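I have placed the structure first, in the form of structure tokens, so that the comments after it can refer back to it.
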Amino acid sequence: MGAETRASFGGRLVAILAAAGSAIGLGSIWRFPYVAGENGGAAFLLVYLLAIFVVGIPVMVAEFAVGRATKKNAVGGYRQLAKGWRWLGYSGIIAALFISGYYYIIAGWSLEYFVNSFGSLYNEGVDFRTQFGIFQTSWRPLLYMVIFVVLTHIIIVRGVQDGIEKASKVMMPMLFVILIFMAIWVAFMPGAGAGYEFFLKPDFAKAFSADTIFSAVGQAFFSLSVGMGCMVTYASYFDKKTNLVGTSFSVSLLTLVVAILAGLVIFPAVFSAGIAPSEGTSLVFVSLPEVFKGMPLPSLFSAIFFLLLALASLTSTISFHEVLTAYISEEFGMSRKWATTITSTLSVVLCVVAMYTAFDVSIPGYNGTMLSDLFDFITASVILPLGGLFTCLFVGWRMKPDFLRGELTNQGTIKSRLYHVLLFLMRYVSPLLIGYIFVSNFV
Ligand code: PHE
């Protein structure tokens, strides 16, 4: 697609919805609680909040600026602005591949839990951890992963406007409603208080430990979908009236609210049911059924929740699928259909390999055992923060200040009071902070 014929998102609200659809997903509802659970709960939440504002938002704004100014995919965007920086786009493509190599697996789990809500999940005497183990060793994770890739594929083939817009519009408000309802419900579970204490009362010594900061910054990048050109790609479909700063604040706040709501649901439930908060990747899948079990219609509520989780994941999978699809179709002049097929096929292959390969390596800050865990670590903790660092350096230093000013003010048609603050964060604070975290974790 050339610049003239490129599709676009219609209007301001849709731009927010689409970007928020990308951001809100497993990152906030599955990853945030389990990583917070492993890193001291409230201490993690505190640093995560700071990370969103100090590094997350500046990186998102920078990516929006690159994408909307160039109207290109991640690689094409950086190349158009400065040839020597196109590698930054490639690092995003690589990140998108790694994410594709495990995200569909977890998204498949939520689909399975949706289906199984009507199956044996809520039978008398079922232990949810045992149930999760049985599921994991069956053929079903493979099946649901493939189904998820196919669903994503179908939406992407139908194109930007139809697919992404419609999907984002419907499910987000529903997700909010059910999370709020659940958060109120768990407050009445016996022993819930310990969960609030764990999630909301920070131990400051732990908060500012190198480990916590490292994981919280990685989580901020992952949950906002920044540091890999995803927001470059999405912003390439924004129109010239979209307010980039406003959009990035809205998207970040929505993401934050969902993550906090997820924490407010999960931790009280975890403590009430006597589950360890450091349970790991299965946390959501063993703790939430404990919540539904006590509700009047467990199967129904459970099904609604896991369906919404699957849909929230779908608006995220389409976003990194689109990063790869836009790159392949634009850079290799391939039809959208072919580009989509290649991306989907690659995703399935990567997921299958990641699912069945155990991988024991010792890296500081990493403690997984499967290749899929390693994919997660490499993207969230390494590529995205580094990509974010260089995105800030690129927009803050490599481009002239007029570039950012022009994009933030929509070429002088709106005011941007935050321009100086954002430029300062991009130039100094984010790069130094991310650089420091890397040095302290790896050196
Ligand atoms: N932000 C998404 C989520 O939280 C994951 C994602 C990361 C999507 C990077 C696109 C790019 O689920």
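A Cβ distance below 9 Å, combined with a sequence gap of six or more or placement on separate chains, defines the contacts here; from the range 96-118, residues that are under 14 Å from Met370 (Cβ atoms) and in contact (Cβ under 8 Å) with a residue 60 or more places away in the chain reach residues that are within 12 Å of the ligand (Cβ to nearest atom) and of a type in the set (Lys, Arg) in the pairs Ile106/Arg31. Report yes if some residue within the range 32-50 is modelled with pLDDT of 95 or more, crowded, with 24+ Cβ neighbours inside 10 Å, within 16 Å of the ligand (Cβ to nearest atom) and closer than 21 Å to Leu418 by Cβ; otherwise report no. Among the residues of the range 32-50, not one is modelled with pLDDT of 95 or more, crowded, with 24+ Cβ neighbours inside 10 Å, within 16 Å of the ligand (Cβ to nearest atom) and closer than 21 Å to Leu418 by Cβ, which makes the answer no.
For the range 87-130, the candidate set comprises residues that are among the polar types (S, T, N, Q) and in a loop (DSSP other than H, G, I, E, B); within that set, the residue that is nearest to the ligand (Cβ to nearest atom) is Ser117. Apart from one condition, Val382 fits all of (1) surrounded by 17 or more Cβ atoms within 10 Å (Cβ to Cβ); (2) over 23 Å from the mean Cα position of the chain (by Cα); the exception is (2).
Quick check on Val265: is it among the hydrophobic types (A, V, I, L, M, F, W, C), in a helix (DSSP H, G or I) and more than 15 Å from the ligand (Cβ to nearest atom)?
Working: among the hydrophobic types (A, V, I, L, M, F, W, C): yes; in a helix (DSSP H, G or I): yes; more than 15 Å from the ligand (Cβ to nearest atom): yes.
Answer is yes for this residue.
Selection of first residues in the range 218-242 that are closer than 25 Å to Pro33 by Cα and in contact (Cβ under 8 Å) with a residue 60 or more places away in the chain and of second residues that are near the ligand (Cβ under 10 Å from one of its atoms) and part of a loop (DSSP other than H, G, I, E, B), restricted to Cβ pairs under 7 Å at least 6 apart or on distinct chains, gives the following pairs, ordered by first then second residue: Phe221/Gly227; Met231/Ser225.
Counting only residues that are under 17 Å from the mean Cα position of the chain (by Cα), give me the helices (runs of 4 or more DSSP H) lying completely in the range 131-248 with at least 1 of them.
It comes to 140-157, 166-186, 210-224, 230-235.
Within 16 Å of the ligand (Cβ to nearest atom), buried (at least 24 other Cβ atoms within 10 Å of the Cβ) and farther than 30 Å from Ala43 by Cβ, is that true of Val284? Judged against the criteria, Val284 is not a match.
Only residues that are touching a Lys or Arg at 6+ places or on another chain (Cβ under 9 Å) and either crowded, with 22+ Cβ neighbours inside 10 Å or under 13 Å from Leu17 (Cβ atoms) (or both) were counted across the range 246-258, and they come to 1.
The values are calculated or read from the model by the stated rules, or taken from the named source; none is laboratory data. Because the structure is predicted, anything quoted here is derived from the model rather than measured. Cβ sites come from the backbone with ideal geometry, for glycine too, and all protein chains shown count toward neighbours.
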